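Asks: Here's a structure for you.
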Amino acid sequence: FPSHDRRGLVVFSSNHDHRSELSIPYGSEDILKPVIIGDGVWIGSKVSVAPGVSIGDGAIIGMGAVLRGNIPSYSIVIGNPAEVIGWRDAENFNRLRNMKAWL
């Protein structure tokens with residue numbers, strides 16, 4: 001597969017109502033929580049994104065990561081649950097973005 005292949009990326013923007021008082025294991029209503037993905041985010045293969053996640057500009061998401069909560073701009077995250085292991089050079093990222101140097 002080419003390196004830009006996104007096989008296995010799963011983004012959920014809704015969840016079941018597990019607090020339902022009408023049925024189990026969950027109710028018939030979906031709880032909607034949008035996912036926000038910033039500019040220039042690099043997402044590896046087999047990443048799972050939970051409902052309501054916000055990924056900041058320039059973040060790098062390592063393959064197989066499971067995201068929940070907010071992922072800071074320019075962060076490098078890996079793991080399940082994902083954790084920050086480093087930071088991208090924000091000044092360089094923004095310089096390239098301003099030059100419209102998109103691949």
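Asks: Out of the chymotrypsin sites (Phe, Trp or Tyr not before Pro) in the chain, which ones are loop residues according to DSSP with at most 11 other C-beta atoms within 10 Å?
Replies: Passing both the DSSP loop test and the Cβ count: Trp102.
Asks: Find the accessible area per residue for the chain; the probe is 1.4 Å, ligands and nucleic acids are left out, and the unit is Å².
Replies: 71 Å²
Asks: What is the antiparallel percent of DSSP beta bridges lying wholly in the chain, to the nearest 5? Kindly include the intermediate steps, with their values, before the conclusion.
Replies: On the way: 7 of 19 bridges.
If we restrict to bridges inside the chain, about 35 percent are antiparallel.
Asks: Accessible area of the chain with a 1.4 Å probe: how many percent of it is carbon plus sulfur?
Replies: Values: 4060 of 7360 Å².
The value for the chain is 55 percent carbon and sulfur by accessible area.
Asks: Have a look at Leu9, Ile37, Gly62 and report the one farthest towards the positive end of the charge dipole of the stretch 1-73, computed about the Cα centre with Cβ charges (Lys/Arg +1, Asp/Glu -1).
Replies: With unit charges placed on the Cβ atoms, the residue in question is Gly62.
Asks: Select one label from [x] 54, 28, 24; [y] 67, 32, 18; [z] 66, 26, 22: the one whose number is Cα extents along the principal axes in Å as derived from the coordinates shown.
Replies: Among [x] 54, 28, 24; [y] 67, 32, 18; [z] 66, 26, 22, the one calculated here is [x].
Asks: Considering only DSSP states other than H, G, I, E and B, which trypsin sites (Lys or Arg not before Pro) in the stretch 1-97 qualify as loop sites with at most 12 other Cβ atoms within 10 Å?
Replies: Those that pass, being in a loop and sparsely packed, are Arg6, Arg7, Arg19.
Asks: Starting from the 7 Å offset along Cα-to-Cβ, what nm value, one decimal, do you get for the label separation of Glu21 and Val84?
Replies: 4.1 nm
Asks: In Å³ and rounded to a whole number, note down the convex hull volume per residue for the Cα atoms of the stretch 29-84.
Replies: Once divided by residue count, the hull of the stretch 29-84 is 67 Å³.
The values are calculated or read from the model by the stated rules, or taken from the named source; none is laboratory data. The model shown is predicted, which means the values in this text are computed figures rather than measured ones. Neighbour counts run over all protein chains shown; Cβ positions are idealised from the backbone, glycine included. We work out accessible area using only protein heavy atoms, side chains counted, and drop any ligands, DNA or RNA first. Shrake-Rupley method; radii C 1.70, N 1.55, O 1.52, S 1.80 Å.
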